[in-house]
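Inspection log for the structure reproduced underneath, given as structure tokens.
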Amino acid sequence: MDVSQILDPLNDAQREAVAAPPCNQLVLAGAGSGKTRVLVHRIAWLMQVEGASAHSIMAVTFTNKAAKEMRARIEELLGINTFGMWVGTFHGLAHRLLKQHWQEARLPQNFQILDSDDQLRLIKRVQNELQLDDKQWPPRQTQWWIGAQKDEGLRPQHVNPGADPWANTMVRIYSAYEEACQRGGLVDFGELLLRAHELWLNNPSLLAHYQQRFPFVLVDEFQDTNTIQYAWLRVLAGDRCKLTAVGDDDQSIYGWRGARIENIQMFSQDMHDVQTVRLEQNYRSTSTILKAANGVIENNAGRLGKQLWTEGAKGEPISLYAAYNEQDEARFIVERIRDWTVSGRRLDSIAILYRSNAQSRVLEEALLREKIAYRIYGGQRFYERLEIKNALAYMRLLSNRDDDTSFERVVNTPTRGIGARSVDAIRECARMQGYSMWDAAKKLVAERALASRAANAVQAFLDLVDTVAEESTQQPLAEIAELVLNKTGLLEFHRNEKGEKGQTRAENLEELVSACRSFDGDEDEERPLLDQFLDSAALDAGEGQADEFEDAVQMMTLHSAKGLEFPLVFMAGVEENLFPHKMSASEPGRMEEERRLCYVGITRAMEKLYITHAESRRLHGQETFNPVSRFVREIPVDTIEEVRLKTEVSRPLFQPRGGAFGRKPGAINGFSDPAPDDENLPALSLGGRVEHPVFGEGTVINFEGSGARMRVQVNFDDEGSKWLMLSMAKLQPL
Ligand SMILES: Nc1ncnc2c1ncn2[C@@H]1O[C@H](COP(=O)(O)OP(=O)(O)OP(=O)(O)O)[C@@H](O)[C@H]1O
Ligand SMILES: [Mg+2]
């Protein structure tokens, strides 16, 4: 039997894990140490050497994509089909199980999965039936609460609300919601897991069947399992099945969604005869990148503690770029991508990582402008996002009431009591009369052809659009966008959604205001800026996602980058309040989770890492000034190098005070031989005092570039040192 292709590509510690006799295993190791590789090779080993059939193996992965890759890799190693092997995410596997055993799970055969939006709507309906006011009982909050109970494996009857009236009401809604789901044959995401768990608990013979079927279960990214997932695994494993859990406590980043790092420690206690394997050699990154990552994560307390080393080359230093704003940041990244591809590298060797979804917009625009293909991993392109399309539809109606697509899109968004039947009637009338839907709606209302409630709602919608249109005349584009978001209730709707999705949608909407603010339009165009903007947004959306096989830059949030690796990585927006996210500041636990996220980000890079931050950033419609992230300061200084733009002037222009800078007297700009575009710039001198409208007073300590692109570094008395674009910074010499 030739097992060399399974064992040869492994080091000793990895081999020990892969070739161990069947046992419970915990592989605990840092990023890039080959945990996922061990998992894959272990499966190959079990099949090749222990005689396990594909049928007898279950592997849990973090994404469906990872599942696919795992199968492909095993098939490549063994040259066999993995048909019958269960590989997937917890949710995917639970769904598969429930589909097969719908009767035992007390579900109708054609049960439907409720996505988060549908779930919210159902919760609203249930609350209305219970005569609970949405304002007092925000449905998002209820949704979040029910999800949290399910993640902990709790049904309504398991929750003890005590005398707390709030908790009592939550339990009441939970019960009613559960009944409604059961009546409708509906299963939400949390329910998939809970139901699958109960399926086994309630059906011992079925459980016995699966325990026999799956003597081997392997789990990747174990540090991010929640209570119900872990319970599910343990029940399945019983005391016969051998469980291999692979993880890294330093990469636990889903605590906010109920994941429990403690499961790693529990594992050794709960399972017997656990072989614990530590992998310490990193194969992914240069020693510089590894050192930086280690430097950051060391600041967390209570780690399980791991050493990570590499034989890899030292590589290039990490480049830190202080952009003066988000546009400059995007421009910088695009230029570096160009440099990289000029040297013959592919685009898909590059990833741009960011903390929040809304950050992608400026980056996307810069890439589109430069015609660089990109793909947003695990998400949609900005202008294709549901909430953005809704807002744009309103803006289109302002400009053209006869835009039927937009009319249909938002006539009942956010919901205002215009049902499908009324919309059908409007569409039909429009068709018969050759009207636009807008005109048809007006006609039907005037003729009292709709039920009175619907008619009122339609009238309210027509009035709303007219009013916003009226208020928008002569307004700048960004104000129009703000009017739309506020008056239509779109922003409020998403803000009231509890949980990450609502938060993300609200942020994206605010980001749309930023997009409007920085939209210049074409000077030669006579059409209103609004129309130009709408066209440009439609074009951006129409470009479509680069398809799966096209060579493209990968863009994603730091969360979705887990488990992946790329030769070149950009971490963008590494600023306080953005990353660490401002919501984490108050809780030490959350701050440590943000730091782990930073560790995940840094360790995605194989050869080269760029970290960028912006002195000023327009995000979510607001201009913010954030200092560089504390995480950057935690990176050892000898691994990092600040990127400076080349100074384009060679003549000495400086006026050091007291000669500390050892240059000939002179001003930074404007004094000797001013370039034409220098004329409006304030005359500053090195060592001179200046005042900034936001940062207050400070001392000029450095400069680079020239003319309109000159940047100066000012050490502000209260805010510390910052690089500012001289032409934009509104600095006053004192
Ligand atoms: N023994 C080895 N020899 C050569 N390359 C290896 C070895 N082990 C792993 N690698 C390579 O190192 C990289 C990291 O491996 P892998 O993705 O399995 O690490 P990981 O521990 O799962 O990382 P993460 O914590 O980020 O999920 C991969 O490119 C992998 O192919
Ligand atoms: Mg991995």
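A few comments on the model shown:
- Ranked by how many other beta carbons lie within 10 Å on average, peptides 257-264, 298-305 from highest: 257-264, 298-305
- Rounded D (µm²/s) - the range 1-102, Kirkwood Rh over Cα pairs, Stokes-Einstein at 20 °C, 1.002 mPa s: 149 µm²/s
- Comparing Val187, Thr227, His209 along the charge dipole axis of the range 175-227, the residue lying farthest to the positive side is His209, per the Cβ-charge model.
- Applying Stokes-Einstein at 25 °C and 0.890 mPa s to the Kirkwood radius of the range 10-64, computed over alpha-carbon pairs, gives a translational diffusion coefficient of 205 µm² s⁻¹.
- Between Glu691 and Glu316, residue separation times 0.36 nm minus the direct Cα-Cα distance comes to 131.3 nm.
- Distance in nm between pseudo-label sites at Asp717 and Gln212 (7 Å out along the Cβ direction from Cα): 8.2 nm
- Within the straight-line cut-off of under 19 Å between alpha carbons, the lysines reachable from Lys487 are Lys135, Lys389, sequence neighbours fewer than 8 places apart in one chain being disregarded.
- Within the range 345-437, all pairs of alpha-carbon atoms sorted by distance into 5 Å bins from zero give the percentages 2, 11, 17, 16, 13, 11, 9, 9, 7, 3, 1, 0.
- Pairs from Lys65/Lys124; Lys35/Lys291; Lys150/Lys501 whose Cα-Cα separation, in the structure shown, is over 27 Å: Lys65/Lys124
- Remark: relative contact order (the chain) = 14 percent; criterion is Cα-Cα distance under 8 angstrom and separation of 6 or more residues.
- Size-normalised alpha-carbon gyration radius of the range 264-421, reference 2.2 N^0.38 Å: 1.59
- Computed Rg/Rh of the range 192-251, alpha carbon atoms with Kirkwood Rh: 1.00
- At R0 = 60 Å, FRET efficiency that the Cβ-Cβ distance of Arg431 and Gln732 yields, to 0.05: 0.40
- P(r) weight above 49 Å for the chain, C-alpha pairs, percent: 26 percent
- Separation in nanometres of the label points that stand 7 Å from Cα toward Cβ, at Glu370 and Arg590: 3.4 nm
- Across the range 323-392, counting alpha-carbon atoms alone, Rg and Dmax equal 12.9, 42 Å.
- Global dimensions of the range 290-351 from alpha-carbon coordinates: Rg and Dmax equal 16.2, 45 Å.
- For the range 36-116, size of Cβ-based charge dipole, Lys and Arg +1, Asp and Glu -1, in debye: 100 debye
- Whole-number D in µm²/s for the range 420-527 (Stokes-Einstein; Kirkwood sum over Cα pairs; 4 °C, 1.567 mPa s): 80 µm²/s
- The range 432-475 - convex hull of the alpha-carbon atoms, volume per residue in Å³: 68 Å³
- From phi via Karplus (6.51, -1.76, 1.60), per-residue ³J(HN,Hα) for the range 344-360 in Hz, x at Gly/Pro: x, 8, 7, 5, 6, 8, 10, 10, 10, 10, 9, 6, 10, 2, 5, 5, 5
- Cα extents for the range 234-341 along the principal axes, largest to smallest and rounded to whole angstrom: 57, 35, 30.
- Measuring spread by the Cα atoms of the range 567-631 yields a radius of gyration and Dmax of 12.5, 35 Å.
- Expressed as a whole percent, the accessible area of the range 26-182 that falls on carbon and sulfur atoms is 50 (1.4 Å probe).
The values are calculated or read from the model by the stated rules, or taken from the named source; none is laboratory data. A quick note: this is a predicted structure, and the numbers were derived from the prediction, not measured. Cβ sites come from the backbone with ideal geometry, for glycine too, and all protein chains shown count toward neighbours. Just so you know, the surface numbers come from the protein's heavy atoms only, side chains and all, with ligands and any DNA or RNA stripped out. Shrake-Rupley method; radii C 1.70, N 1.55, O 1.52, S 1.80 Å.
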